[in-house]
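Peer 1: Pasting a structure here, questions to come.
The values are calculated or read from the model by the stated rules, or taken from the named source; none is laboratory data. Keep in mind that what you see is a predicted model, and the values were worked out from it rather than measured. In this analysis, Cβ positions are derived from the backbone assuming ideal geometry, glycine residues included, and neighbour counts consider all displayed protein chains.
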Amino acid sequence: MMGQNPEVSEIAGTYICSYVPALYLLGIIDFDRVLMINLGLAMEAMYLQILAPFLHFGLCYTIAITFEGGVVGAALSGTITNTFIMFV
């Protein structure tokens, strides 16, 4: 429609649909982060935000590449990472 490759736009649509649960969790995490900072727990919130990229990279590599999850695996790793951050 706008000169986009149909295969690439279908892959992008699959990723977006698979990442929706992670976006919901990200909203909750942001609220929790602000709450922790207002309660004087800024260092704990910072440590979780420092840990998150390492956890996400490991999960993304394992699910998307090792288990051949592809684009859906990358989105699933984001959901798992956000779930971990939310419950820690």
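Peer 1: Under the condition of being outside any helix (DSSP H, G or I) and either surrounded by 14 or more Cβ atoms within 10 Å (Cβ to Cβ) or aliphatic (A, V, I, L, M) (or both), which residue from region 1-20 is modelled with the highest pLDDT?
Peer 2: Met2
Peer 1: May I pose another question? Give just the number: which of (1) closer than 13 Å to Asn82 by Cα; (2) in contact with a helix residue (DSSP H, G or I) (Cβ under 7 Å, 6 or more places away or on another chain) does Glu44 not satisfy?
Peer 2: If we test Glu44 against (1) closer than 13 Å to Asn82 by Cα; (2) in contact with a helix residue (DSSP H, G or I) (Cβ under 7 Å, 6 or more places away or on another chain), just (1) comes out false.
Peer 1: Only one of Val8, Val71, Val20, Val34 is free of Cβ contacts under 8 Å to residues at least 40 places away in the same chain and under 13 Å from the mean Cα position of the chain (by Cα); which?
Peer 2: On inspection, the qualifying residue turns out to be Val20.
Peer 1: Looking only at region 21-41, which residues are small (Gly, Ala, Ser) and either surrounded by 14 or more Cβ atoms within 10 Å (Cβ to Cβ) or closer than 11 Å to Ile85 by Cα (or both)?
Peer 2: Within region 21-41, Ala22 is the sole residue that qualifies.
Peer 1: If you go through region 55-63 one residue at a time, do you hit one that is modelled with pLDDT of 95 or more and loosely packed, with under 13 Cβ neighbours inside 10 Å?
Peer 2: Yes, there is a match, as at least one residue in region 55-63 is modelled with pLDDT of 95 or more and loosely packed, with under 13 Cβ neighbours inside 10 Å.
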